[in-house]
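Step one of this worksheet: look at the structure below.
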Ligand code: ADP
Ligand code: MG
């Protein structure tokens, strides 16, 4: 077994990796980290959930030069949610180093606030192509000291039509740089991007035995998808499930229908305001809304612990989309289940994308009609975050010591720049809400909302 210890890293780095639960290297990490440390350009392909983020982020952090005053690395991802996730992972990996500044640059949030953060000094930029280019055009980012360029989910950005934006950015960062591409899938036309961006790249593609997924896949034939959906949910009784639709309207329609049936549902699509997108995803991840109905906005890169079922309510139009959707479950060697609901006339198309899928009749399932997906917890939002030096421990302290909530009734605590969120068991949520509203966190009186 290969461990991080084999990489001869400093003790503090190893200790931090250990504290994050990372001891053994995943196959893609083993194959790429040494090459990245040598400075090679790389096109890496490895299955969903196989630890690609750490593979590119750890070497990046190890190579940062503390004496530089401008951004040294630029990471581009296709969605805002993935930017946030990658930035958070980098922050965790860099905890052992004092003062590494990671700045996220994506749309739907204030440009001015991003400029403020940039002016305070950024080491690593994580952004979506459009917003990064926007900053570049306004001359609010300095890219002349970029030494590393990383495209996460590069093929998706091509597919979304971002190739020209990316090429424009690339022509404005130093030629003397390292470039890295990571994804689980690469279409043939990716050469359009790679030949311009990378220099003598090494292609790292893992062998089949290292790419086997722990995801069981089924197709259920049905002419009545809403009814079949209920049957699937009530038969498999997942704890956290993502339901994919092909359009924004469909996600909304289906969410409303499920809500009326008694499910606690989150919806994620591009029609929502950015804060709504963030709060939806957060309430899904912390278990308040355990069923997420989403467009393909959620199909790339998102790593949410505990997702045990993915459902294709609409059949995906491309094989890559299928791969990435189902890859939201069965991550990091956990097991997962992926189900596609398919009408008779859709079956040929689906089997063309994925020829070996097992097809069954929905009547083989035995639903428990009493089962509804409802969160045991609900979420409170607190008007204070990192900027006001609020930490998870402070919120926990107020809830437990001042308000008298039992620690076991407190779930995930998420701290953002200006807000924090805490999941609390529904049996004591009123007490927690009133207590926080009338009490203080870290000596400060803060406003509280019940989401
Ligand atoms: P990918 O980008 O390949 O889809 P991620 O980078 O999102 O996958 O990682 C998937 C999960 O695996 C994450 O929850 C991450 O914390 C975990 N992980 C990454 N590297 C390791 C490791 N070496 N050991 C254990 N877990 C890991
Ligand atoms: Mg990833």
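Computed from the coordinates by the stated procedures, all read-outs in this text should not be read as laboratory data. Since the structure is predicted, the reported quantities are computational estimates derived from the model, not experimental observations. Here the Cβ is made from the backbone with ideal geometry for all residues, glycine too, and neighbour counts use every protein chain on show.
Tabulated data
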item: Quotient of Cα Rg and 2.2 N^0.38 Å for the stretch 323-406, N being how many residues it contains; result: 1.89
item: Compactness of the stretch 204-307 as Cα Rg over 2.2 N^0.38 Å, two decimals; result: 1.17
item: Span from the the stretch 266-290 Cα centroid across to the the stretch 408-441 one, whole angstrom; result: 18
item: Square roots of five times the Cα gyration tensor eigenvalues for the stretch 176-239, Å; result: 41, 15, 11
item: FRET E, pair residue 9, residue 438, Förster distance 51 Å, beta-carbon r, rounded to 0.05; result: 0.60
item: Approximate spin-label separation residue 253-residue 164, in nm, with each point projected 7 Å along Cα-to-Cβ; result: 3.3
item: Label point distance in nm, residue 67-residue 199, each placed 7 Å from Cα along Cα→Cβ; result: 2.2
item: Residues 372, 186, 142, 322 arranged by fewest to most Cβ contacts within 10 Å; result: 142, 372, 186, 322
item: Exposure proxy order (Cβ contacts within 10 Å, fewest to most) of 182, 70, 136, 244; result: 70, 136, 182, 244
item: Hydrodynamic radius by Kirkwood, which averages 1/r over all alpha carbon pairs of the chain, in angstrom; result: 23.3
item: The chain, relative contact order in percent, only Cα pairs under 8 angstrom and at least six apart counted; result: 14
item: Rough spin-label spacing in nm, given labels placed 7 Å along Cα→Cβ, for residue 376 and residue 273; result: 3.3
item: Centre separation in Å (Cα based) which lies between the stretch 318-392 and the stretch 189-239; result: 11
item: FRET efficiency, residue 308 to residue 354 (Cβ-Cβ, R0 25 Å, nearest 0.05); result: 0.75
item: Likely footprinting exposure, 135, 235, 69, fewest C-beta neighbours within 10 Å first; result: 69, 235, 135
item: Cα-based equivalent ellipsoid, the stretch 4-210: semi-axes from gyration tensor eigenvalues, Å; result: 25, 22, 15
item: Estimated D of the stretch 377-450 in µm² per second, where Rh is the Kirkwood radius over Cα pairs and Stokes-Einstein applies at 20 °C, 1.002 mPa s; result: 184
item: Taking the convex hull of Cα positions in the stretch 1-109, its mean projected area over all directions (nm²); result: 7.7
item: FRET efficiency, residue 261 to residue 319 (Cβ-Cβ, R0 30 Å, nearest 0.05); result: 0.40
